[in-house]
C-alpha cells in the first residue's frame with residue numbers, strides 16, 4: 001500500500017506528533033516516498049533539501065519542545081511544497097496534452 005495515498009498535510013502533522021514512535025516513522029517514510037514520487041517535478045534543490053531533511057531522521061520526541069515542533073512544521077511545509085508541485089505538473093501535462101490534440 002502506498003503510504004501517501006490517503007495522507008494530507010493535517011494527517012501528516014498528526015502522525016508526526018503522535019506519541020507512538022511507529023506513527024512518526026510511518027509519516028517520515030511517507031515524506032520520503034513523496035519526494036521519490038515527485039522526483040520529476042522536484043528536480044534539484046527541493047528534492048535534495050527534503051532528502052537531506054529525512055536522512056537526519058526523527059528528533060527526540062518532546063511534544064512541547066520548540067525544536068521538535070519546528071521539525072514537524074518543516075516536514076509539513078516540505079509535504080505541501082511537494083504536493084503543490086505535483087498539482088502544477090499534472091495541470092501542465094494535461095494542458096500540454098490538450099494543446100497537442102488541437103494541433
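So the values come out like this:
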| read-out | value |
| --- | --- |
| Check on residue 73, assigned to a helix (DSSP H, G or I) and at pLDDT 90 or above | yes |
| Some residue of the range 38-49 being in a loop (DSSP other than H, G, I, E, B) and at pLDDT 95 or above | no |
| Test: residue in the range 96-103 that is surrounded by 10 or more Cβ atoms within 10 Å (Cβ to Cβ), assigned to a helix (DSSP H, G or I) and at pLDDT 95 or above | no |
| Complete set of residues in the range 9-26 that are in a helix (DSSP H, G or I), closer than 19 Å to residue 65 by Cα and over 9 Å from the mean Cα position of the chain (by Cα) | 13, 14, 15, 16, 21, 23, 24, 25 |
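The values are calculated or read from the model by the stated rules, or taken from the named source; none is laboratory data. None of these values were measured; they are calculated from a predicted model. Please note: Cβ atoms are built from the backbone with ideal geometry, for glycine as well, and neighbour counts cover all protein chains shown.
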